[in-house]
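> Right, I'll just put the structure down here and ask away after.
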Amino acid sequence: MMPNSLLWAVDVYGRVYSLSTAGQQWDHCREAHLEFKRITAVEQCCWSIACDHNIYLNVHASDVPIRNQEDTYENQRWNPVDGFSDRLLPSDRWQWSDVTGLKHQPLVDFQLPSENWEWEGDWYIDENFGGEPTEKGGWTYAIDFPATYTKDKKWNSCVRRRRWIRYRRYKAQDTWVKIPSDQTGCLPDPFNDITCGGWEITEEPRGCLVLWAVSLQGKEVDVPGEVVQISSGPGDLVWAVLWEGHLLVREGIGRDCLSGSSWVTVESPSPGLGAVHVAVGVNVVWAITKDHKVWFRRGVNSHNPCGSSWIGMVGEMVMINVGLNDQVWGIGFEDRAVYFRQGVNASELSGKTWKIVSVSRDNDRSHSCASASSLQSAGCFFGGEVRVQSQASMLSEADPESEHIVVGALSPPEMADEPKPRIPKVTSDSFISELVSDREGQISHREAPSAGPSIPEEDSTEKEGEDRASPAPALTPSHSGGMDPQWSNVDLEEAQTLLMSPPGGDAAETCSLSSVATYNLTLEEPYAQDEHPKWAWVSGGGCLVNCHMQLNWFSHCTSTALNSSMQAMSLSITPAQTAAWRKQIYDQLSERSKREMENFMHYEQAIEQTVIDIATSVWVKKGSMQWWRNWKPYKWIDVQFALEQFSAADGNKDGILFIYYTFNDEKKYLHVFINEVTILVPVLNEAKHSFAIYTAERTKQRWPIRLAAATELEMQDWLALLSVSCCDSRGINGPPSKQAIWSITCKGDIFVSEPAKELEASLYPTPCDQMFWRQVGGHLRIVESNSLGVVWGIGYDHTAWVHTGGYGGGFFQGLASSTDNIYTQTDVKNVYIYENQRWNPVTGFTDRGLPTDRYMWSDASGLKECTKNNTKPPSPNWTWVSDWTVDYSVAGGADKEGWQSYHGYKTLKDFVRRRRWARKCKLTTTGPWQEVPPVPLCDITIQPCSPKSTVEQVALWAISNKGDVLCRLGVTSLTPGGSSWLHVGSDQPFKSISIGAVHQVWAIAKDGSAFYRGSVSAQNTAGDCWYHIPSPAGQKLKQVSVGRTSVYTVDENENLWYRHGVTPSYPQGSSWEHISKNVRKVSVGPLDQVWIIADKVQGSHSLSCGTVCRRLGVLPMEPKGHSWDYGIGGGWDHVTVRGNAMEAPRIIMPPLTDHSIKHSAPRSTLDRDPTGS
């Protein structure tokens, strides 16, 4: 499931409509009181040009408000008489200034930019400085202006300053707002075309939009001609169309030059016929010529924006638009219907066929479906050439610059005395073909079109247009009279128009019109009841569609007709005929199966079944693989692989796994009992399709069995079969329980473990290395749960997902997977490599380093060579979706070219430098996860509770990828996805959050400071205010987890801290205590149990990073515990036990002898340090 997004369109009356990807009708944008001529949409907003030639903006409503922080600094200097006061020296900065002190910024000078903004509150003092709370008043001190400020006052502190903050909020959402003229500057003339894009320009942060516009005089940025239409894509592609039909391409667009540097001319696709419309995406360019033919430009990308050649496509369109994922929409020439290009994907950018969007509008009285080629109209539509009498009046050549075109036609004699209908005349429209024709004063002759299909599938050939579908039937003359229809005033002109001649008359000449055609006027019914609206413009820039989505835009008509025809056909079929057909089909299938299987009788059976006795049977599956011999010489060895599974009469199953190999000409084998396998893990490997098999003993040694299959499909088949066998041997089937413990590997694979009651026992807990983990379909970065079965996750691309209650998915599909609640899931992440350079006095910085230097292209450590060409996606499941680009978002910042020194700042002694390159890759899989639109998240927390809890709503808090604090409303065990987001105000962005069992909400800000949210309860969901909690001395925190009474945090140096003094009367606590080091993440459960992801855990051969560990000895009177028990690892990145509220049974233990104490002691204990050091 993907979030619902909108396709926007404008009809010939200038009315704006939107169509949701989950909807089946056009919704009228009733907030638009004006008529519009152009619209360009992105995911967050829409821009448009109205009939008054002004630009309007519509920002879509969101659960996260649009807020802007205003700040100013109050500066003071100390003097012996007054102490600190606002009496400053003449050389000092302003009393009220910006952070630099160069700009005068008193509080009274801050005004709202327009009436669409409102203040959230009054000015207040910022009492946070570098993650630490300041003294009351928020002052920071320094020796002089400007200098380094500290929060502590010293004897030589002669100046001080404090920061004042105020927020303003954008309130005009989901309404059309006029852009003030003072923001657009002094314009030479009104705008005629507008396009929005550039939010994915190379190295540009997402959310930065670039708006291009064309004036009525065709003026643009240093254009070598007069532009009539322009289009920009999400990236750095910008194309424009000139009046004479040539195409322009903007070059030099980049992060430091959003407007580009120069124009390059590209010839029209069709010789002799200029282009009239162009649309661009990320890597595609579509164009339309004057004869309404559609063309596709091949070879277009960021490095070659001009492309290589044109391909003619089937269909006749008047305009075309490219949206997200390079999906294509158009408006048909004959019927003015909206068409969608099916089959567009990364491997086939041109798609396969056009499909009409056949849905009704919300103001249509009739929702019945008729032929898409019908041209019945209650008004007019934009476009083309219309059959008129030879006496038709033409565009006057007196004012060649004018775009106002008056159209007239003689009426038949019998209709001469009847009232003449008013024909709308729209100027500056989208259909440049008519404008060009009128501008050149050309008159063309067009035969009456014949009936035929709308637009079929095409077979593209380079530089050649294909056979077009026959156009729809010609219009019949209208003999309606009476009252004039109500036309809108989208820059319309009235004209004395005569109706068309009756059929059978003399051959008529055709006149090319500027954006208006004369049609029969159905005056008996208003336009709102028209079943076939005529569209003038469409924009899919904010419509998120991919090849996996099931849209409801096309089946609305066909399903009704199909059902009726099937029902009619079924009435004529007798039961005897049905039975005869079934028998005939069965006989034919049996004969074909027998005939086909004869060709495979000589093949060796892959699965053998042997009946040992009546009560037991054995299944054997064999195969060939490679096994990693992890002793010298380390290498992959070809082995034979066999799985023997035993099935008993009582339904119990077990099995043995054999691995046969040869060593020094001696045949040997390894064997593993299936009921001893604790986990099967796909291994992240660029060259091999490999996975690891762990048992309890191998988990303890960090020494798994690694196997590699020849293909990805073969590996997935084996993984699925082995996983099912392991689950069958342990009697575990179906979806995860509500108490399940969830974990995620660094590869993004999701695992769950069903906890035993003795897992959290205080005396004899179940060892972690004996826990059985099974994989769940999907791909996530973070997962959180609670004991009511509410499970949420976050992907690498910050997309939120909620667990549907299903199981399986991924490579389990069809084998051990639920038949429903499985959805397509996608994820996107970046792969990074580093370019390293060294300075020399001759050439400066160059890629020629010293022999002792790291590779000139390497990973972050510099120990592995990683070039652009040899760097592959993380695994074969991932595919590249972008090119390599310089990453400017590195810690410590970078210069204009992305370079940074290794210590984060540039000095004169810097002889080496590096910059980071990033490339996006995408994964598509399936799993029991459903997307929660539309806010991207970076952290999430769910309130832990007991299994018998009767709470009506589950408290769920989250942090958006921009740092906003959110609270999810409507979350229950029956509706785990909730209903909407509630924004919780904060003074600064956050990065981690956690809620405890009694509504204790703790959060970590991006600057590493800790905060506690006061007065949060079931009745007061969002609480009242934030309390700043001092961080451990000299540390910046990065993650927090809150249980029933315990609060744990992890700092950026991987230290684990425990908060002392947390009580119901004083929930903020009193101090921090260091517990352990080398801790990556922590999870505190509803029983205050503490689990972590630890680094540098000692194994049999080396240190293991990313190991799941549990804190032993955690008791109500000893919440810190005393040692660690090590579980599965390494390679793990996340774990959550917040759903495990299963308490161990309370039993009275006999006195322990010395021998029993020694025998039951933990195998791996460590006081304060999981590394063993």
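The values are calculated or read from the model by the stated rules, or taken from the named source; none is laboratory data. Keep in mind the model is a prediction, meaning the values are calculated, not measured. Neighbour counts run over all protein chains shown; Cβ positions are idealised from the backbone, glycine included. SASA here: full protein model, heavy atoms, side chains in, ligands and nucleic acids out. Shrake-Rupley method; radii C 1.70, N 1.55, O 1.52, S 1.80 Å.
> What is the one condition in (1) in contact with a Lys or Arg (Cβ under 9 Å, 6 or more places away or on another chain); (2) crowded, with 16+ Cβ neighbours inside 10 Å that Ile732 does not satisfy?
With (1) in contact with a Lys or Arg (Cβ under 9 Å, 6 or more places away or on another chain); (2) crowded, with 16+ Cβ neighbours inside 10 Å applied to Ile732, the lone miss is (2).
> Would you point out which residue out of Val249, Val276 is more than 29 Å from Asp52 (Cβ to Cβ) and more than 27 Å from the chain's Cα centre (by Cα)?
Val249
> Go through the stretch 294-304 and report how many residues are open to solvent by 20 Å² or more (accessible area, probe 1.4 Å), in a loop (DSSP other than H, G, I, E, B) and in contact (Cβ under 8 Å) with a residue 60 or more places away in the chain.
Total meeting the criteria: 3.
> Let me ask something else. Identify all residues within the stretch 954-987 that are of a type in the set (Gly, Ala, Ser) and either free of Cβ contacts under 8 Å to residues at least 24 places away in the same chain or within 23 Å of Leu788 (Cβ to Cβ) (or both); write none if there are none.
Passing the criteria: Ala955, Ala958, Gly970, Ser973, Gly977, Gly978, Ser979, Ser980.
> Which numbered condition trips up Val802, out of (1) surrounded by fewer than 14 Cβ atoms within 10 Å (Cβ to Cβ); (2) closer than 29 Å to Thr972 by Cβ?
Answer for Val802: the failing condition is (1).
> May I pose another question? Restricting the search to the stretch 103-146, which residues are within 23 Å of Lys1036 (Cβ to Cβ), outside any strand (DSSP E or B) and not hydroxyl-bearing (Ser, Thr, Tyr)?
If the condition is that a residue be within 23 Å of Lys1036 (Cβ to Cβ), outside any strand (DSSP E or B) and not hydroxyl-bearing (Ser, Thr, Tyr), then Asp126, Glu127, Gly130, Gly131, Glu135, Gly138, Trp139 are the ones that fit.
> Answer with yes or no whether Gly977 is open to solvent by less than 40 Å² (accessible area, probe 1.4 Å) and on the phi > 0 side of the Ramachandran plot.
Criteria not met by Gly977.
> Sticking with this structure for a sec: Might you let me know whether the stretch 182-198 holds any residue that is part of a loop (DSSP other than H, G, I, E, B) and either at pLDDT 85 or above or crowded, with 19+ Cβ neighbours inside 10 Å (or both)?
Within the stretch 182-198 (the criterion being part of a loop (DSSP other than H, G, I, E, B) and either at pLDDT 85 or above or crowded, with 19+ Cβ neighbours inside 10 Å (or both)), the answer is yes, since at least one residue qualifies.
> Further question on the same structure: For Arg336, only one of the following conditions fails: (1) out of contact with any Phe, Trp or Tyr (no Cβ under 7 Å at 6 or more places or on another chain); (2) open to solvent by less than 20 Å² (accessible area, probe 1.4 Å). What is its number?
Among (1) out of contact with any Phe, Trp or Tyr (no Cβ under 7 Å at 6 or more places or on another chain); (2) open to solvent by less than 20 Å² (accessible area, probe 1.4 Å), the lone unmet condition for Arg336 is (1).
This table checks each residue for (1) among the β-branched types (Val, Ile, Thr); (2) in contact with a helix residue (DSSP H, G or I) (Cβ under 9 Å, 6 or more places away or on another chain).
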| residue | (1), (2) |
| --- | --- |
| Thr662 | yes, no |
| Lys668 | no, no |
| Glu676 | no, yes |
| Pro682 | no, yes |
| Thr699 | yes, yes |
| Trp703 | no, yes |
| Leu707 | no, yes |
| Gly734 | no, no |
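> For the subset of the stretch 629-658 comprising residues that are touching a Lys or Arg at 6+ places or on another chain (Cβ under 9 Å) and open to solvent by 70 Å² or more (accessible area, probe 1.4 Å), which member is nearest to Ser617 (Cα to Cα)?
Of everything passing the filter in the stretch 629-658, Gln640 is nearest to Ser617 (Cα to Cα).
> Another question, then. Those residues that are in a loop (DSSP other than H, G, I, E, B), at negative phi and under 23 Å from the mean Cα position of the chain (by Cα), I need them from the stretch 782-805; list them, please.
Passing the criteria: Val790, Gly795, Tyr796, Asp797, Thr799, Thr804.
> Which is among the hydroxyl-bearing types (Ser, Thr, Tyr), in contact with a Ser or Thr (Cβ under 6 Å, 6 or more places away or on another chain) and within 24 Å of Gln550 (Cα to Cα), of Thr826, Thr804?
Exactly one of Thr826, Thr804 is among the hydroxyl-bearing types (Ser, Thr, Tyr), in contact with a Ser or Thr (Cβ under 6 Å, 6 or more places away or on another chain) and within 24 Å of Gln550 (Cα to Cα), namely Thr826.
> Could you figure out which of (1) surrounded by 12 or more Cβ atoms within 10 Å (Cβ to Cβ); (2) closer than 25 Å to Gln988 by Cβ; (3) within 34 Å of the chain's Cα centre (by Cα) isn't true of Asn75?
So the condition that Asn75 fails would be (3).
> With the structure loaded, tell me whether Val278 is assigned by the TED database to the domain that holds Lys352, in a strand (DSSP E or B), closer than 28 Å to Leu209 by Cβ and touching a Leu at 6+ places or on another chain (Cβ under 8 Å) or whether it fails that test.
yes
> Within the bounds of the stretch 758-771, is there any residue that is open to solvent by less than 30 Å² (accessible area, probe 1.4 Å) and aromatic (Phe, Trp, Tyr)?
First pass over the stretch 758-771, keeping only residues open to solvent by less than 30 Å² (accessible area, probe 1.4 Å): 759, 761, 768-769, 771.
Next, from what is left, pick out any that are aromatic (Phe, Trp, Tyr): none.
Scanning the stretch 758-771 turns up no residue that is open to solvent by less than 30 Å² (accessible area, probe 1.4 Å) and aromatic (Phe, Trp, Tyr).
> In the stretch 79-91, what residues are in a strand (DSSP E or B) and crowded, with 16+ Cβ neighbours inside 10 Å? Walk me through it before giving the result.
Here is the first cut: in the stretch 79-91, the residues in a strand (DSSP E or B) are 79, 83-85.
Result: Phe84, single match.
> Residues that are open to solvent by 40 Å² or more (accessible area, probe 1.4 Å) and modelled with pLDDT under 85: does the stretch 224-245 have at least one?
Yes; the residues of the stretch 224-245 include at least one that is open to solvent by 40 Å² or more (accessible area, probe 1.4 Å) and modelled with pLDDT under 85.
> Let me ask something else about it. If Asp291 satisfies all but one of (1) assigned to a strand (DSSP E or B); (2) more than 33 Å from the chain's Cα centre (by Cα), what's the number of the condition it fails?
In the conditions (1) assigned to a strand (DSSP E or B); (2) more than 33 Å from the chain's Cα centre (by Cα), Asp291 misses (1) alone.
> In addition: For the stretch 308-326, name all the residues that are surrounded by 19 or more Cβ atoms within 10 Å (Cβ to Cβ) and in contact with a Gly (Cβ under 6 Å, 6 or more places away or on another chain).
Gly312, Met317, Val318, Ile320, Asn321, Val322, Gly323, Asp326
> Within the stretch 50-57, does at least one residue satisfy the condition of being outside the structural domain of Lys153 (by the TED database) and within 30 Å of Gly985 (Cα to Cα)? Spell out the reasoning first.
Initial filter on the stretch 50-57 (outside the structural domain of Lys153 (by the TED database)): 50-57.
After this cut, where a residue has to be within 30 Å of Gly985 (Cα to Cα) as well, the list is 56-57.
There is at least one residue in the stretch 50-57 that is outside the structural domain of Lys153 (by the TED database) and within 30 Å of Gly985 (Cα to Cα).
> Name the single residue that is farthest from Ile66 (Cα to Cα) among those in the stretch 92-122 being of a type in the set (D, E, K, R) and open to solvent by less than 60 Å² (accessible area, probe 1.4 Å). Steps first, please.
In the first step, residues of the stretch 92-122 are kept if they are of a type in the set (D, E, K, R); the result is 92-93, 98, 103, 109, 115, 118, 120, 122.
Okay, now just the ones that are also open to solvent by less than 60 Å² (accessible area, probe 1.4 Å), so 92-93, 98.
Working: Asp92: 36, Arg93: 32, Asp98: 23 Å.
Per the criteria, the residue is Asp92.
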